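Quick one: the structure is below, and I'll ask about it shortly.
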Amino acid sequence: MDPLVRIEGIKKNYGRRNILNGVSLTADPGMCVGILGSNGCGKSTLLSILAGELSADAGSFYVEGTDLLHAPALRRERIGYAPQGTPLIAELSALDNLRLWYDRETLDASLKNGPLSLLGIPEFLKTPVRKMSGGMKKRLSIGCSISGEPDILLLDEPGAALDLLCKEAMENYFSAFLAEGGIIFLVTHDVQELRLCSKSYILKNGTLTPFAFDGDVRRLTEALKA
(Lines give C-alpha, C1' and ligand atoms only; values in the text may rest on other atoms or scores of the structure.)
Protein backbone atom coordinates (compact mmCIF):
# COMPACT_ATOMS: atom_id res chain seq x y z
CA MET A 1 0.00 0.00 0.00
CA ASP A 2 1.29 3.46 -0.90
CA PRO A 3 2.02 5.85 1.99
CA LEU A 4 -0.59 8.53 2.67
CA VAL A 5 1.99 11.31 2.21
CA ARG A 6 4.76 11.15 -0.37
CA ILE A 7 7.18 14.05 -0.85
CA GLU A 8 9.36 13.66 -3.93
CA GLY A 9 12.33 15.59 -5.27
CA ILE A 10 11.70 19.00 -3.69
CA LYS A 11 14.29 21.48 -4.99
CA LYS A 12 14.84 25.13 -4.16
CA ASN A 13 17.59 27.55 -5.11
CA TYR A 14 18.17 31.13 -4.01
CA GLY A 15 20.24 32.56 -6.83
CA ARG A 16 23.29 30.33 -7.07
CA ARG A 17 22.74 28.87 -3.61
CA ASN A 18 21.24 25.39 -3.61
CA ILE A 19 19.02 25.07 -0.51
CA LEU A 20 17.05 21.90 -1.24
CA ASN A 21 18.40 19.33 -3.66
CA GLY A 22 15.77 16.67 -4.22
CA VAL A 23 14.23 16.20 -0.76
CA SER A 24 12.06 13.08 -0.57
CA LEU A 25 10.29 11.28 2.29
CA THR A 26 7.05 9.51 3.17
CA ALA A 27 4.64 9.41 6.11
CA ASP A 28 1.60 7.45 7.21
CA PRO A 29 -1.22 8.21 9.68
CA GLY A 30 -0.10 8.53 13.28
CA MET A 31 3.48 9.33 12.30
CA CYS A 32 5.59 12.26 13.49
CA VAL A 33 8.54 12.97 11.19
CA GLY A 34 11.39 14.95 12.73
CA ILE A 35 13.55 17.19 10.55
CA LEU A 36 16.87 18.22 12.09
CA GLY A 37 19.76 20.33 10.89
CA SER A 38 21.92 23.36 11.52
CA ASN A 39 20.61 26.91 11.22
CA GLY A 40 20.12 27.96 7.62
CA CYS A 41 20.18 24.46 6.18
CA GLY A 42 16.72 24.74 4.63
CA LYS A 43 14.38 23.21 7.21
CA SER A 44 12.05 26.21 7.34
CA THR A 45 12.23 26.56 3.57
CA LEU A 46 11.00 22.99 3.18
CA LEU A 47 8.01 23.52 5.47
CA SER A 48 7.20 26.83 3.77
CA ILE A 49 7.09 25.06 0.40
CA LEU A 50 4.84 22.30 1.73
CA ALA A 51 2.56 24.95 3.24
CA GLY A 52 2.36 26.91 0.00
CA GLU A 53 4.16 29.96 1.35
CA LEU A 54 7.06 29.45 -1.09
CA SER A 55 7.17 27.86 -4.52
CA ALA A 56 9.47 24.92 -5.25
CA ASP A 57 11.76 24.85 -8.26
CA ALA A 58 10.87 21.18 -8.69
CA GLY A 59 9.20 18.34 -6.84
CA SER A 60 5.85 17.09 -5.60
CA PHE A 61 3.90 16.79 -2.35
CA TYR A 62 1.41 13.96 -2.78
CA VAL A 63 -1.37 13.31 -0.28
CA GLU A 64 -3.49 10.33 -1.26
CA GLY A 65 -2.26 10.69 -4.83
CA THR A 66 -2.95 14.43 -5.26
CA ASP A 67 -0.02 16.85 -5.56
CA LEU A 68 -0.85 19.58 -3.04
CA LEU A 69 1.78 21.87 -4.55
CA HIS A 70 -0.69 22.33 -7.40
CA ALA A 71 -3.94 22.03 -5.45
CA PRO A 72 -4.12 25.05 -3.11
CA ALA A 73 -7.74 24.55 -2.05
CA LEU A 74 -7.11 20.97 -0.97
CA ARG A 75 -3.83 21.99 0.66
CA ARG A 76 -5.67 24.52 2.84
CA GLU A 77 -8.10 21.78 3.83
CA ARG A 78 -5.52 19.11 4.68
CA ILE A 79 -2.60 21.19 6.06
CA GLY A 80 -2.11 23.18 9.25
CA TYR A 81 1.06 25.29 9.34
CA ALA A 82 2.66 26.93 12.36
CA PRO A 83 5.81 28.85 11.31
CA GLN A 84 8.60 29.98 13.62
CA GLY A 85 7.02 33.39 13.94
CA THR A 86 3.58 34.01 15.41
CA PRO A 87 1.34 35.64 12.76
CA LEU A 88 -1.18 37.09 15.21
CA ILE A 89 -2.85 40.50 15.53
CA ALA A 90 -1.12 42.13 18.50
CA GLU A 91 -3.98 44.48 19.43
CA LEU A 92 -6.54 41.68 19.72
CA SER A 93 -7.09 39.21 22.53
CA ALA A 94 -6.54 35.48 22.10
CA LEU A 95 -10.29 35.01 21.76
CA ASP A 96 -10.64 37.68 19.07
CA ASN A 97 -7.73 36.21 17.11
CA LEU A 98 -9.41 32.81 17.24
CA ARG A 99 -12.70 34.29 16.06
CA LEU A 100 -10.98 35.26 12.82
CA TRP A 101 -10.36 31.55 12.13
CA TYR A 102 -13.23 29.64 13.75
CA ASP A 103 -17.01 29.70 13.52
CA ARG A 104 -18.64 30.16 16.91
CA GLU A 105 -19.89 26.61 17.41
CA THR A 106 -16.56 24.98 16.53
CA LEU A 107 -14.63 27.47 18.66
CA ASP A 108 -16.82 26.89 21.72
CA ALA A 109 -16.50 23.11 21.42
CA SER A 110 -12.73 23.21 20.94
CA LEU A 111 -12.23 25.51 23.91
CA LYS A 112 -14.42 23.36 26.12
CA ASN A 113 -12.95 19.90 25.55
CA GLY A 114 -11.15 19.91 22.21
CA PRO A 115 -7.73 20.80 20.80
CA LEU A 116 -7.73 24.38 22.08
CA SER A 117 -8.40 23.07 25.57
CA LEU A 118 -5.48 20.63 25.27
CA LEU A 119 -3.25 23.54 24.25
CA GLY A 120 -4.23 25.42 27.42
CA ILE A 121 -5.60 28.40 25.51
CA PRO A 122 -8.69 28.92 27.74
CA GLU A 123 -6.27 30.12 30.45
CA PHE A 124 -5.48 33.34 28.55
CA LEU A 125 -8.47 33.98 26.29
CA LYS A 126 -8.88 37.61 27.32
CA THR A 127 -5.18 38.49 27.17
CA PRO A 128 -4.10 40.79 24.29
CA VAL A 129 -1.39 39.27 22.12
CA ARG A 130 0.93 42.20 22.88
CA LYS A 131 0.89 41.19 26.56
CA MET A 132 1.40 37.48 26.02
CA SER A 133 4.49 35.45 26.75
CA GLY A 134 6.26 33.69 23.91
CA GLY A 135 4.70 30.39 24.97
CA MET A 136 1.19 31.81 24.90
CA LYS A 137 1.74 33.24 21.42
CA LYS A 138 3.09 29.95 20.12
CA ARG A 139 0.17 27.95 21.49
CA LEU A 140 -2.31 30.47 20.10
CA SER A 141 -0.59 30.39 16.71
CA ILE A 142 -0.91 26.59 16.64
CA GLY A 143 -4.52 26.93 17.74
CA CYS A 144 -5.24 29.19 14.76
CA SER A 145 -3.45 26.84 12.38
CA ILE A 146 -5.71 23.90 13.28
CA SER A 147 -9.00 25.75 12.81
CA GLY A 148 -9.80 23.79 9.65
CA GLU A 149 -9.26 20.47 11.45
CA PRO A 150 -6.31 19.46 9.23
CA ASP A 151 -4.91 15.95 9.28
CA ILE A 152 -1.33 17.07 8.56
CA LEU A 153 0.58 19.57 10.69
CA LEU A 154 3.75 21.41 9.66
CA LEU A 155 5.43 22.69 12.82
CA ASP A 156 8.54 24.86 12.76
CA GLU A 157 10.26 24.75 16.16
CA PRO A 158 7.01 24.81 18.15
CA GLY A 159 8.76 24.40 21.49
CA ALA A 160 11.27 27.22 21.08
CA ALA A 161 11.48 29.45 24.19
CA LEU A 162 8.64 27.63 25.98
CA ASP A 163 8.61 26.81 29.66
CA LEU A 164 7.94 23.28 30.88
CA LEU A 165 4.21 23.81 31.44
CA CYS A 166 3.73 25.22 27.92
CA LYS A 167 5.69 22.32 26.44
CA GLU A 168 3.58 19.84 28.34
CA ALA A 169 0.37 21.42 27.02
CA MET A 170 1.61 21.31 23.43
CA GLU A 171 2.93 17.78 23.68
CA ASN A 172 -0.41 16.62 25.10
CA TYR A 173 -2.10 18.01 22.02
CA PHE A 174 0.47 16.57 19.61
CA SER A 175 0.13 13.13 21.19
CA ALA A 176 -3.67 13.26 20.91
CA PHE A 177 -3.43 14.44 17.30
CA LEU A 178 -1.14 11.54 16.39
CA ALA A 179 -3.29 9.04 18.26
CA GLU A 180 -6.23 10.07 16.06
CA GLY A 181 -4.24 9.32 12.90
CA GLY A 182 -2.80 12.77 12.21
CA ILE A 183 0.62 13.31 10.65
CA ILE A 184 3.19 15.81 11.92
CA PHE A 185 6.28 17.15 10.16
CA LEU A 186 8.33 18.63 12.97
CA VAL A 187 11.35 20.92 12.61
CA THR A 188 12.98 20.94 16.02
CA HIS A 189 16.16 21.31 18.06
CA ASP A 190 14.39 20.04 21.18
CA VAL A 191 15.46 16.59 22.39
CA GLN A 192 12.19 16.11 24.26
CA GLU A 193 10.17 16.79 21.11
CA LEU A 194 12.29 14.29 19.20
CA ARG A 195 10.87 11.54 21.39
CA LEU A 196 7.50 12.14 19.70
CA CYS A 197 9.00 11.27 16.33
CA SER A 198 8.41 7.94 14.62
CA LYS A 199 11.39 8.67 12.38
CA SER A 200 13.74 11.57 11.85
CA TYR A 201 16.10 12.98 9.24
CA ILE A 202 19.06 15.34 9.17
CA LEU A 203 18.91 17.94 6.41
CA LYS A 204 22.39 18.86 5.17
CA ASN A 205 23.69 20.08 1.83
CA GLY A 206 20.15 20.09 0.51
CA THR A 207 19.38 16.42 1.10
CA LEU A 208 17.88 14.30 3.89
CA THR A 209 19.71 11.51 5.70
CA PRO A 210 17.75 9.17 8.03
CA PHE A 211 18.78 9.44 11.68
CA ALA A 212 17.52 7.12 14.41
CA PHE A 213 17.52 9.12 17.64
CA ASP A 214 18.02 6.84 20.64
CA GLY A 215 18.33 9.50 23.33
CA ASP A 216 22.09 9.91 22.90
CA VAL A 217 22.47 13.68 22.56
CA ARG A 218 26.22 13.47 21.93
CA ARG A 219 25.67 11.14 18.96
CA LEU A 220 23.05 13.52 17.60
CA THR A 221 25.40 16.48 17.96
CA GLU A 222 28.18 14.62 16.16
CA ALA A 223 25.80 13.66 13.35
CA LEU A 224 24.75 17.29 12.91
CA LYS A 225 28.40 18.36 12.72
CA ALA A 226 29.49 15.59 10.34
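The values are calculated or read from the model by the stated rules, or taken from the named source; none is laboratory data. All figures in this text were calculated on a predicted structure; none of them were measured in a lab. When we count neighbours, we look across all protein chains shown, and the Cβ atoms used for this are built from the backbone with ideal geometry, even at glycine. SASA here: full protein model, heavy atoms, side chains in, ligands and nucleic acids out. Shrake-Rupley method; radii C 1.70, N 1.55, O 1.52, S 1.80 Å.
Measuring from label point to label point, each 7 Å out along Cα→Cβ, what is the residue 214 to residue 24 span in nm?
Each label point lies 7 Å from its Cα, and together they span 2.8 nm.
Pop the C-beta distance of residue 199 and residue 13 into the FRET formula with R0 = 22 Å and round what comes out to the nearest 0.05.
Numbers: r = 27 Å, r/R0 = 1.23.
Using R0 = 22 Å, I get an efficiency of 0.20.
Suppose every Lys and Arg Cβ carries +1 and every Asp and Glu Cβ carries -1, with no other charges. What dipole size does the chain come out with about its Cα centre, to the nearest 20 debye?
Numbers: 25 positive and 27 negative charges, 165 e Å.
Computed about the Cα centre, the dipole is about 800 debye.
Report in % the part of the accessible area of the chain that belongs to carbon and sulfur, leaving out ligands and nucleic acids; probe 1.4 Å.
Values: 5440 of 11240 Å².
The computed percentage sits at 48.
A follow-up question, please. Using modelled backbone amide H atoms (1.01 Å from N, in-plane), which distant-in-sequence or interchain residues come within less than 5 Å of residue 199's amide H?
Here 32, 34 satisfy the definition.
From the square roots a ≥ b ≥ c of the eigenvalues of the alpha-carbon gyration tensor of the stretch 71-172, which class results: rounded (a/c under 1.5), prolate (a/b over b/c), or oblate?
Values: a/c = 1.42, a/b = 1.19, b/c = 1.19.
In terms of gyration-tensor shape, rounded.
Quick one: what are the phi-derived ³J(HN,Hα) couplings along the stretch 202-217, Karplus 6.51/-1.76/1.60 with θ = phi - 60°, whole Hz, x for glycine and proline?
9, 9, 8, 6, x, 10, 9, 10, x, 9, 8, 7, 10, x, 7, 5
What spacing in nm lies between the two simple spin-label points modelled at residue 126 and residue 160, each 7 Å away from Cα in the Cβ direction?
It is 3.2 nm.
Starting from the Cα of residue 112, draw a straight line to each of the lysines and keep only those under 27 Å, dropping any in the same chain fewer than 8 residues away.
Reachable lysines: 126, 131, 137, 138, 167.
Would the stretch 31-123 count as rounded, prolate or oblate if I go by the C-alpha gyration tensor, calling it rounded below 1.5 in a/c and otherwise prolate when a/b exceeds b/c, oblate otherwise?
Details: a/c = 2.08, a/b = 1.64, b/c = 1.26.
Prolate shape, in that a/c is at least 1.5 and a/b is the bigger ratio.
For the chain, what is the percent of antiparallel DSSP beta bridges, rounded to the nearest 5? It would help to have the intermediate numbers written out before the result.
Working: 20 of 37 bridges.
Of all bridge pairs located within the chain, approximately 55 percent are antiparallel.
Hey, another quick one. Averaged per residue, what accessible surface does the chain expose to a 1.4 Å probe, in Å²? Mind dumping the intermediate values first?
Details: 11240 Å² over 226 residues.
Normalised by residue count, the accessible surface of the chain is 50 Å².
Can you tell me how the chain classifies by the Cα gyration tensor, rounded, prolate or oblate, using a/c under 1.5 as the rounded cut?
Working: a/c = 1.67, a/b = 1.41, b/c = 1.18.
Because a/c hits 1.5 or more and a/b exceeds b/c, the chain counts as prolate.
List the trypsin sites (Lys or Arg not before Pro) within the stretch 58-101 that DSSP assigns to loop and that have no more than 12 neighbouring Cβ atoms inside 10 Å.
Numbers: sites: 75, 76, 78, 99; in loops: none.
Those that pass, being in a loop and sparsely packed, number zero.
In addition: Only four residue types carry charge here, +1 at the Cβ of Lys and Arg and -1 at the Cβ of Asp and Glu. Report the dipole size of the stretch 36-141 about the Cα centre in Debye, rounded to the nearest 20.
I would put it at about 460 debye.
Amide H of residue 80: which non-local residues (sequence gap of 5 or more, or other chain) have their own amide H closer than 5 Å, using H built in the peptide plane?
152, 153, 154
Along Cα→Cβ, 7 Å out, is where each label goes; now give me the distance between the ones at residue 225 and residue 74 in nm to one decimal.
4.5
Based solely on its DSSP helices, what 222 nm [θ] is calculated for the chain when runs of n ≥ 4 H residues each add -39,500 (n - 2.57) and the sum is averaged over all residues, nearest 500 deg cm²/dmol?
Taking each H run of at least 4 residues, the total per residue is -9500 deg cm²/dmol.
May I pose another question? Taking springs between alpha-carbon atoms closer than 10 angstrom, which of 35, 184, 19 fluctuates most in the Gaussian network model of the chain?
Among 35, 184, 19, the largest mean-square fluctuation in the Gaussian network model of the chain belongs to 19.
Please report how far the C-alpha centroid of the stretch 187-220 lies from that of the stretch 33-95, rounded to the nearest whole angstrom.
Measuring centre to centre over Cα atoms gives 19 Å.
Projected onto the charge dipole of the stretch 78-221 (+1 at Lys/Arg Cβ, -1 at Asp/Glu Cβ, origin at the Cα centre), which of 165, 208, 194 gives the Cα projection farthest towards the positive end?
My answer, from the dipole projection, is 208.
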